[in-house]
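Please read the structure below before turning to the comments.
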Amino acid sequence: MGNHELNHKNRWLGVFAILLGLIVWEIIAALIIRYPFIMPSPTDVFSAFLDLLRNGTLFLDFQASLVHFGLGLGAALIIGIPIGIGMGWSRKFDAFLDPVIEILRPIPPLAWIPFAIIWFGLTMYSAGFVIFIGSVFPVIINTYSGFRSVPRIFVEAGKMLGCTKNWDLIRYIAFPSALPSIAAGIRIATGVGWMCLVAAELFGVSNYGLGKNLWQYYNLHRMDCVVVYMLLLGLIGLFFDMIFRYYIDRQFLKWRTGEVA
């Protein structure tokens, strides 16, 4: 049996697990608990989803959340990758920044919310800042680890072939070697940043947002709508991860599996 057939069967196993979960959920919610505030059934959630689609709220929420997420993750990549490269390449730079990074890294992103409001006000930039705090450290740590793990023989071979400047060694030798670790850091940062989205939008940075309206519907005791937003957050996060894995693993890291065609 080929790999394609195995993968096809495995996909059907996943579909079966989802269908089974929905059936169990419907039985528990509709026949056992019978109280939508505690546990809305899948049919309640689907009906709420259709209502939200009709009034156009979901598209506006997704649009706002995507802006907040893009600001935070984009800033994390722009700042985190160069810092990780510097720390991984230069021991002096590492000794200089490491104490600061290690003090700030354990602080939960939610602890920065008061300063986000003070510094940026109730704007999209404050939400982006909270997401940035959650995303930047995985990028820094994984980029640093990737550069620290570059085999010295690669660097020496690069010098023998004419790469004598630090910039050339980083660009042509160290960065390609560290790319799998950097990609893993970006993937982790994407997940962490998306999880920070709900908290980043709770304090009213805009009238729309998946996290903002999730809490708003909780205040209205519309738990069916709350579950809609929960599932959307999970599905959108999964979509981002699948897109990332496709373009990074299959387009930029094909050499790891020997797929060069």
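Calculated [222 nm] ellipticity per residue, helices only, for the chain: -25000 deg cm²/dmol; basis is -39500 (n - 2.57) per DSSP H run with n ≥ 4, divided by all residues, nearest 500.
What does the net charge come to around TYR172 if you take all other residues with beta carbon closer than 12 Å to its beta carbon, with K and R at +1 and D and E at -1? Before the final figure, lay out the partial values.
Numbers: positive: LYS159, LYS165, ARG171; negative: ASP168.
Computed value for this residue: +2.
In a Debye calculation with equal point scatterers on the alpha-carbon sites of the range 176-227 and no solvent, what is log10 I(q)/I(0) at q = 0.18, 0.24 Å⁻¹? Each listed q corresponds, in turn, to -0.64, -0.85.
Ordered by the number of other Cβ atoms lying within 10 Å of each residue's own Cβ, fewest first, SER177, SER65 fall into the sequence SER177, SER65.
Ordered by packing density, taken as the mean number of other Cβ atoms within 10 Å over each peptide's residues, highest first, how do 13-26, 160-173 rank? It would help to have the intermediate numbers written out before the result.
Working: 13-26: 10.9, 160-173: 13.2.
Final packing ranking: 160-173, 13-26.
Residues MET195, MET124 in ascending order of nearby Cβ atoms (within 10 Å, fewest first): MET195, MET124.
For the chain, the longest principal axis of the C-alpha atoms and the axis of helix 42-54 are separated by about 80°. Among TYR218, TYR125, the ranking by other beta carbons within 10 Å of each residue's beta carbon, starting with the fewest, stands as TYR218, TYR125. Near ASN207, once Lys and Arg are set to +1 and Asp and Glu to -1 for all other residues with Cβ below 15 Å from its Cβ, the sum equals -1.
Against the set (i) 19.2, 70; (ii) 22.7, 74; (iii) 31.9, 98, the structure's computed Rg and Dmax of the Cα atoms in Å falls on (ii). If you take the Cα centroid of the range 184-230 and the Cα centroid of the range 111-151, the two points sit 18 Å apart.
Where a number appears in this text, it was derived from the coordinates with a stated rule and is not lab data. Quantities reported herein were computed from a predicted structural model and do not represent experimental measurements. Cβ atoms come from the backbone with ideal geometry, glycine included; neighbour counts cover every protein chain shown.
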